[in-house]
Amino acid sequence: MNRGSDRDWFHSKNIALLQCIIVLTTVVSSWAIALAKGHVQWWPIPMISHCGVYAPEKYVFSIGLVSAAFLMFLFIWIVETAGKIYSSRFTAWLLGFPCSIGLMVLAVCNCEEEPTLHYIGAIAYFVCFALWCLCCSFKEIGLERASVDKWVRIRKVLSVLITFFTFFMLYLFLVVKEKVNKGRIPVCEWSACFCAELYVGTFYFDLGDDYYIEQVKVDPEERKAAKKLAAMEEAF
């Protein structure tokens, strides 16, 4: 049995995969439960937010997306520190982290009970993530011809789709003031959500096995000895 500190490694790529799976599973499950309970209609397809209003789907919606927001924050940090061509502290703090905060806010604040906060969070999430994707893809333009990596091209296409669906949705909602029940706004929202998570999912393949999140396990007896030593040093 090893004593002292044992180092375990967790691939960073798994954070991207988990974030993608949790968001898609959460929104689809919430929609399915809301549909089964008669809280939403089959068509026109509801806004994603409307699938998290009533019990029991609201618990799935909130818990799932809060977990996803935490993973999004961690994912942005991984990308920022990966040393890749798209890594940037500026875009991470300007767009990436606000995106994860927006996801957290929309998950916690119900669109019926706290609509203002909910929609502020939703707009922050979609807009910041769309712009973050564009920034990453713009930095990868130089790799498109030189690299045979298909994920560069796929991310470029997805970033354009995310941006289109996001801003067309906002145009319909804020400028045209189109009714949600016409279906175009929810379709744009669902499309932007799926494209966004597919974009995140591509990093599972891009990061590969070269990047890790390190966890250090410290033996309890060693921890007690360290605390005792620190206390003795403070006493003297």
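The values are calculated or read from the model by the stated rules, or taken from the named source; none is laboratory data. Every value quoted in this text rests on a predicted model; they were computed, and no experiment measured them. Ideal geometry is used to build each Cβ from the backbone, glycine not excepted, and the neighbour counts take in all protein chains shown. Heavy atoms of the whole protein, side chains included, go into the accessibility calculation; ligands, DNA and RNA do not. Shrake-Rupley method; radii C 1.70, N 1.55, O 1.52, S 1.80 Å.
Does at least one position in segment 167-174 carry a residue that is within 17 Å of Cys99 (Cα to Cα) and open to solvent by 20 Å² or more (accessible area, probe 1.4 Å)? Scanning segment 167-174, I find at least one residue that is within 17 Å of Cys99 (Cα to Cα) and open to solvent by 20 Å² or more (accessible area, probe 1.4 Å), so the answer is yes.
If we keep just the residues of segment 149-166 that are out of contact with any Ser or Thr (no Cβ under 8 Å at 6 or more places or on another chain) and charged (D, E, K, R), which is least open to solvent (accessible area, probe 1.4 Å)? In this case the residue turns out to be Asp149. If only residues of segment 187-236 that are open to solvent by 20 Å² or more (accessible area, probe 1.4 Å), hydroxyl-bearing (Ser, Thr, Tyr) and at pLDDT 90 or above are counted, the one that is farthest from Leu158 (Cα to Cα) is Tyr204. Output yes when any residue across segment 50-58 is without any contact (Cβ under 8 Å) to a residue 60 or more places away in the chain, of a type in the set (A, V, I, L, M, F, W, C) and within 14 Å of Thr25 (Cβ to Cβ), and no when none is. Taking every residue of segment 50-58 in turn, at least one turns out to be without any contact (Cβ under 8 Å) to a residue 60 or more places away in the chain, of a type in the set (A, V, I, L, M, F, W, C) and within 14 Å of Thr25 (Cβ to Cβ).
In segment 175-186, of all residues being assigned to a helix (DSSP H, G or I) and open to solvent by 60 Å² or more (accessible area, probe 1.4 Å), the one that is nearest to Val40 (Cα to Cα) corresponds to Asn181. Do we find that Lys13 is at pLDDT below 95, of a type in the set (Lys, Arg) and under 17 Å from the mean Cα position of the chain (by Cα) in this structure? For Lys13, the condition - at pLDDT below 95, of a type in the set (Lys, Arg) and under 17 Å from the mean Cα position of the chain (by Cα) - is met.
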